[in-house]
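Taking it in order: structure first as structure tokens, then the write-up.
The values are calculated or read from the model by the stated rules, or taken from the named source; none is laboratory data. All of these numbers come straight from a predicted model, not from anything done at the bench. For neighbour counting, all protein chains shown are included, and Cβ atoms are generated from backbone atoms with ideal geometry for every residue, glycine included.
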Amino acid sequence: NYMAENIRTKTETLNDANQALTVARDAALAASVAKSQFLANMSHEIRTPLNAILGMGELLGETPLTPEQEKYVRVSRSAGENLLNLINDILDLSKIELGHPTLNKSEFDLFIAVEETCQIILLQAQQKGIALHWHIKPETPSRLVGDPVRLQQVLINLLANAVKFTEAGEVTLEVSQRSQPEADFVELLFVVRDTGIGIPQDKLGPIFERFTQVDASDTRKYGGTGLGLAIAKRLVELMEGRIWVESMLGVGSTFYFTVIVGQGNETTEAAHLSCT
Ligand code: ADP
């Protein structure tokens, strides 16, 4: 009897604990949904007037202005654009963190995805007089199943940083396959190398945490939000990969990341592809 009573009490305690856990989980879920909703509303509320300000600035820029007025319009427009980027980044990260993002998987062409991304960055690199080379190693399959948009987002963040933090020299992207050809998945390795300013050793770890910037002084030369790498890390993890960095001050940085994707149906083997 005593045993039966003991078991009954324990079962009740366990049930209570389970119930409390369910209530806590529901509350946490509701809070996270409320937070996402709040951020979505805020974004709309901030973006609408901000777009109006930017639009008016653009119109003002087209009217005859004195050189001094032109400068004021330019400065206010660039501040507005920075603010818009910041809001978009914060929202992006909140969506990734709170919204349990899922990948939008489809069959895609790795070569096209890489080329498109490089073309976007090429313009920025050319404007700074920096060379951008990209290379897909032979035997890397091209037809894959995954989320090309998320993959491109990670690549753009890393390549844009590489160009931003490089004064002279070159940025290279190398793509290769890490998995065995007979495996039923494909593990890709992306390597983004630059000859830029480099990152001090003690900042290499925290660099992937949000709002971490090596140069936090008010006179920051490079702008940015400190969110790009945090977003990249979350996305890479979502794609079952890892991201890491090696760097030497004054010499340059190399960012590495892996992702796991599926084999596409058309298993045409990649030709050796590169572009400068
Ligand atoms: P942002 O570039 O907007 O500041 P990120 O999260 O993309 O934010 O990067 C965080 C910080 O990491 C940057 O501010 C910079 O200090 C450092 N960093 C990132 N990429 C590089 C790079 N390729 N070379 C040197 N420093 C870098």
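The C-beta contact set for the range 228-240 (first residue in contact (Cβ under 8 Å) with a residue 40 or more places away in the chain, second residue near the ligand (Cβ under 7 Å from one of its atoms), distance under 6 angstrom, 6+ apart or interchain) comprises G228/N157; L229/I207; A232/N157.
Residues considered: Q119, Q180. Of these, the only one that is part of a loop (DSSP other than H, G, I, E, B) and more than 16 Å from the ligand (Cβ to nearest atom) is Q180. Scanning the range 154-173 for any residue that is buried (at least 18 other Cβ atoms within 10 Å of the Cβ) and in a loop (DSSP other than H, G, I, E, B) turns up at least one such residue. Looking at this structure, is K105 within 21 Å of the chain's Cα centre (by Cα), more than 16 Å from the ligand (Cβ to nearest atom) and touching a residue at least 24 places away in the same chain (Cβ under 8 Å)? Yes. Filtered by the rule that a residue be without any contact (Cβ under 8 Å) to a residue 40 or more places away in the chain and within 19 Å of T117 (Cβ to Cβ), the range 152-200 gives Q152, I156. Before we move on, is L238 more than 11 Å from the ligand (Cβ to nearest atom), at pLDDT 90 or above and among the hydrophobic types (A, V, I, L, M, F, W, C)? Here the answer is yes, as L238 does meet what is asked. Residues that are within 20 Å of I260 (Cβ to Cβ) and in a loop (DSSP other than H, G, I, E, B) within the range 122-146 comprise K137, E139, T140, P141, S142, listed in sequence order.
Taking the options G250, G223, name whichever one is in a loop (DSSP other than H, G, I, E, B), within 11 Å of the ligand (Cβ to nearest atom) and at pLDDT 90 or above. First the steps, then the outcome.
Numbers: G223 fails: at pLDDT 90 or above.
On inspection, the qualifying residue turns out to be G250.
Taking the listed residues S76, S94, the one that is closer than 30 Å to A28 by Cβ, polar (S, T, N, Q) and assigned to a helix (DSSP H, G or I) is S94, with no other qualifying. Just one of the listed residues (D109, D92) is acidic (D, E) and in contact with a Ser or Thr (Cβ under 6 Å, 6 or more places away or on another chain), namely D109.
Within the range 67-74, the presence of at least one residue that is surrounded by fewer than 16 Cβ atoms within 10 Å (Cβ to Cβ) and touching a Gly at 6+ places or on another chain (Cβ under 9 Å) is confirmed. The residue that is surrounded by the most Cβ atoms within 10 Å (Cβ to Cβ), counting only those in the range 190-209 that are closer than 14 Å to M248 by Cα and of a type in the set (D, E), is D194.
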